[in-house]
Protein chains: 2
Amino acid sequence: MVKNCMELENFFNPRTIAVIGASHSKEKVGHDIFYNLLKEKKRVYAVNPNATSILGEPSFASVLDIKAEIDLAIIAIPAKLVPKVIEECGQKAVKAVIIISSGFSEAGNKALEKEVIETAQKHNIRILGPNCLGVIVPRINMNASFFSKTPEKGGITFISQSGALGVAMLDWAIKHQLGLSAFVSMGNAGDVDFADMIKYFEKDADTKAICLYMESLKDGRKFLEATKDCKKPIIVLKAGRTEGGQKAAATHTAALATEDRVYDGAFRQYRLIRVNTLYQLFEIAQYFVYGHAPKGKRGLIVTNAGGPGVLASDGFEREGIEIVKIDEAKEELNKVLPQQWSKSNPVDIVGDATPDRYKAVFDVLKNKKFFDFVLCILTPQAMTEPKDVAELFVKFYRETGVPCFGCFMGGDSISTAKRILRDNHITNFVEPDYAAKVISKMVKK
Amino acid sequence: MVKNCMELENFFNPRTIAVIGASHSKEKVGHDIFYNLLKEKKRVYAVNPNATSILGEPSFASVLDIKAEIDLAIIAIPAKLVPKVIEECGQKAVKAVIIISSGFSEAGNKALEKEVIETAQKHNIRILGPNCLGVIVPRINMNASFFSKTPEKGGITFISQSGALGVAMLDWAIKHQLGLSAFVSMGNAGDVDFADMIKYFEKDADTKAICLYMESLKDGRKFLEATKDCKKPIIVLKAGRTEGGQKAAATHTAALATEDRVYDGAFRQYRLIRVNTLYQLFEIAQYFVYGHAPKGKRGLIVTNAGGPGVLASDGFEREGIEIVKIDEAKEELNKVLPQQWSKSNPVDIVGDATPDRYKAVFDVLKNKKFFDFVLCILTPQAMTEPKDVAELFVKFYRETGVPCFGCFMGGDSISTAKRILRDNHITNFVEPDYAAKVISKMVKK
């Protein structure tokens, strides 16, 4: 059963933090964690019996020597020393502990991990990890991890079972200015698990979508219980789909191989969105952050190029998206479009389409309700003004609230247009096939 | 039957060019084509009866007024005037004509197109188009199209049935510094078709791989005859896979819907590589340009992160790539790797792997033959030096000639490493799943 999730607040908004194993040696993760927290001016205490000061701050021999109350302790010391330190945290009434140290169940030392968790439970301490990277909360500028950078604040909470993969995705998110509400590295999930996190972030006002990278679940029932009532979209990349992947996962996290179809069925039942790729994870989540995922599967395509229209139709049909009939708009479109237009969906407005022609279509569509979303395709031809078309599409999106997606294709010719779309929360897909793949994940549940 | 393909030389390496419909009005494509050719200092003549000079060059009333022999004429005038002009080209003994003008079979005017082609055949003129964008040959700086930019020279020939899609891809290629040997816009393919082009580019020394974007084939038998003996890799994106896509294609190019499985079977029989996405088209072609596509399906994965290793294994298995057993190297790897390494494929050398640890693995693999390619995965962790690992991987690739692929994941932390890989012709994939998708296309034939 999921315990009181508000206990977890100490992981994500602590008043005071102790870094046990803080270090002045740049080789040690204890250095990086302490440095990250100091840099962002958290109320943080160094604990290291072998130093009197670290990075200009006093160092305490034990957490017990700190006068202030400690909400969160972060432990980065050799595994075998962890039980004693947890006991001290218990005496100090620390409420939450992140164990960064590795050398526990993932390395075959299950007994040591059990001892640590039992000691923590005795003292009502919640544990994140062991064998994890830490936690980052951009909104309050808290980087309680040994990753050196903090992403922008935003609406996506990303919870990763793999620390390394978490780092790669953080680095990518920062480069692409993707905003996160929180990053959590789960590690071995000896105590706090995905279910606890989902319950917590369901109530977190900043989180609009929850992304999970998962290799295994210890308690599937608890997980499903947590997800079934969750009102926020949960997008999950579950690795180990195939036998080969499961073998690799077993080596990696000693995860028990569960038949993938069990996961698949459960995810489907509880309306989780399952994706196959890391970037889809964030791309779909971002759309929920923007708040305009399509409510149905009737798609309308507007394009100035036949080829990409064909590719979009292929993609839509393959992914189960309806290429909606446009009878309701045909007559009006006939009046505003040149004779060569396609007269069907995709609405091909032909290669010499000016922004005015796109506008004429948007104006006709403005008061129609026969579609659930619009995919606007553009290729940079002689008469095309990508920037102007982007602005018109944004205007249509704002006035109607209809879920809108872009597929502006090309290189430098469309870079300004792409920025305009992004700044106005319209996702632009690199090509029609990919648009269909991603949109279908939002639509089919 | 494919005619003498060397006739086509006049499209791709003409000594003299006439632009019929050259214009000083920037609104007209005849302006852009003439400007592009002048800019790159081709021997080019303007033909326009309504002007005496265009962009500082003399303008001729008819191609017949030009004294020099004309190898190639490019026609950009209203469709109904084209037959007369083709007749003049015949009298002038022009050898090849690109008809940019639209308004032929794609607009329902089949008779007009037939008349044009028959007139050309009477005079032994080969026609590209009508309703096309033109031709670009970067090596000789010839941009005989109305697209304003010329990509870098390279080994990929890209032949597109859709002009708009061609433009979008050219724009993208330029942005990503992808080199092309030629770009050809097929248009309606009234005379010269995919088969003729394949026969020509098979003999073109600069072309290492041929990419096709295809919506329909008029003469399937001729196409297969041309491809079956082609020694160069042909990668094809055939749109209209689904019924929805075929409907859209019928509207777009009036293409006859042929059952997609007929194409699929034929492509398979003649070892064409069929892809679903535009970027795969170029990504796979580029690898053939580099000359190191895997010869078999035995894949070896080296990684510093378990999670991406699992994802790669999932992808490999799903796509039919063998995750090869590493018995032959296990003992040697045991000697050089820390105790926690995975002891199986993926060779997980653990998160704290330094460049030296990658090097130790590459040194063991150097003299082994039990795999057909190596996928090197890297996530930017505390001890990782992406740049150094990239250099070591390049060294391994150079010394062994083994097909090598990268999957260095992240943002700015890996940008230098990615550049090093690219500069040394190792493709870096954005994530493991995508690596598996693309590699499998090269391997499975």
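The values are calculated or read from the model by the stated rules, or taken from the named source; none is laboratory data. Values in this document were obtained by computation on a predicted structure and should not be read as measured data. Every residue, glycine among them, receives a Cβ derived from its backbone with ideal geometry; neighbour counts consider all protein chains shown.
For the reader, a short list of remarks on this structure follows.
- Every condition in (1) closer than 17 Å to residue A:29 by Cβ; (2) away from chain B (no Cβ under 11 Å) is met by residue A:148 except one, and the failing one is (2).
- Within the range A:361-383, the set of residues being of a type in the set (Phe, Trp, Tyr) and in contact with an Asp or Glu (Cβ under 7 Å, 6 or more places away or on another chain) comprises A:370 only.
- Out of B:161, B:177, sole residue that is over 26 Å from residue B:102 (Cα atoms), polar (S, T, N, Q) and within 11 Å of chain A (Cβ to nearest Cβ): B:177
- A single entry from B:365, B:378 fulfils the requirement of being crowded, with 20+ Cβ neighbours inside 10 Å, in contact (Cβ under 8 Å) with a residue 24 or more places away in the chain and away from every other protein chain (no Cβ under 11 Å): B:365.
- Any hit, the range B:98-119, residues being surrounded by fewer than 19 Cβ atoms within 10 Å (Cβ to Cβ) and under 15 Å from residue B:44 (Cβ atoms): no
- Residue count for the range B:412-445 under the criterion of being closer than 17 Å to residue B:298 by Cβ, of a type in the set (Lys, Arg) and within 13 Å of another protein chain (Cβ to nearest Cβ): the result is 0.
- Close pairs from the range A:252-277: first more than 13 Å from residue A:212 (Cβ to Cβ) and modelled with pLDDT under 80, partner surrounded by 14 or more Cβ atoms within 10 Å (Cβ to Cβ) and among the basic types (Lys, Arg), Cβ under 6 Å, at least 6 apart: A:260/A:241
- Against the criterion of being more than 11 Å from residue A:392 (Cβ to Cβ), of a type in the set (D, E, K, R) and within 14 Å of another protein chain (Cβ to nearest Cβ), residue A:335 does not qualify.
- Counted residues, the range B:207-226 - those being of a type in the set (Val, Ile, Thr) and either surrounded by fewer than 24 Cβ atoms within 10 Å (Cβ to Cβ) or more than 16 Å from the chain's Cα centre (by Cα) (or both): 1
- Figure legend. Inter-residue proximity from the range B:297-317: first residues facing chain A (nearest Cβ under 7 Å) and among the β-branched types (Val, Ile, Thr), second residues in a loop (DSSP other than H, G, I, E, B) and buried (at least 24 other Cβ atoms within 10 Å of the Cβ), beta-carbon distance below 9 Å, spacing 6+ or different chains. Indicated pairs: B:310/A:162; B:310/A:215; B:310/A:239; B:310/A:240; B:310/B:346.
- Selected residue [surrounded by fewer than 22 Cβ atoms within 10 Å (Cβ to Cβ) and within 14 Å of chain B (Cβ to nearest Cβ)] from A:409, A:383: A:383
- Selection status of residue A:280, under 22 Å from residue A:181 (Cβ atoms) and either at pLDDT 85 or above or within 13 Å of another protein chain (Cβ to nearest Cβ) (or both): yes
- Residue that is surrounded by the fewest Cβ atoms within 10 Å (Cβ to Cβ) [pool: residues in the range A:311-352 that are hydrophobic (A, V, I, L, M, F, W, C) and under 22 Å from residue B:213 (Cβ atoms)]: A:350
- Criterion: within 13 Å of the chain's Cα centre (by Cα), buried (at least 21 other Cβ atoms within 10 Å of the Cβ) and not in a loop (DSSP other than H, G, I, E, B) - qualifying residue of A:198, A:174: A:198
- Taken together, the residues in the range B:95-148 that are within 21 Å of the chain's Cα centre (by Cα), of a type in the set (A, V, I, L, M) and under 18 Å from residue A:306 (Cβ atoms) amount to 1.
- If only residues of the range A:201-218 that are over 17 Å from residue A:144 (Cβ atoms) and not in a loop (DSSP other than H, G, I, E, B) are counted, the one that is nearest to the other protein chains (Cβ to nearest Cβ) is A:213.
- Close pairs from the range A:412-427: first touching a residue at least 60 places away in the same chain (Cβ under 8 Å), partner surrounded by fewer than 24 Cβ atoms within 10 Å (Cβ to Cβ) and part of a loop (DSSP other than H, G, I, E, B), Cβ under 8 Å, at least 6 apart: A:425/A:292
- Near pairs, Cβ below 8 angstrom, 6+ apart or cross-chain, from the range B:38-62 (in contact (Cβ under 8 Å) with a residue 60 or more places away in the chain) to any residue that is crowded, with 17+ Cβ neighbours inside 10 Å and of a type in the set (Ser, Thr, Tyr): B:40/B:150
- Any hit, the range B:347-362, residues being among the acidic types (Asp, Glu) and in a strand (DSSP E or B): yes
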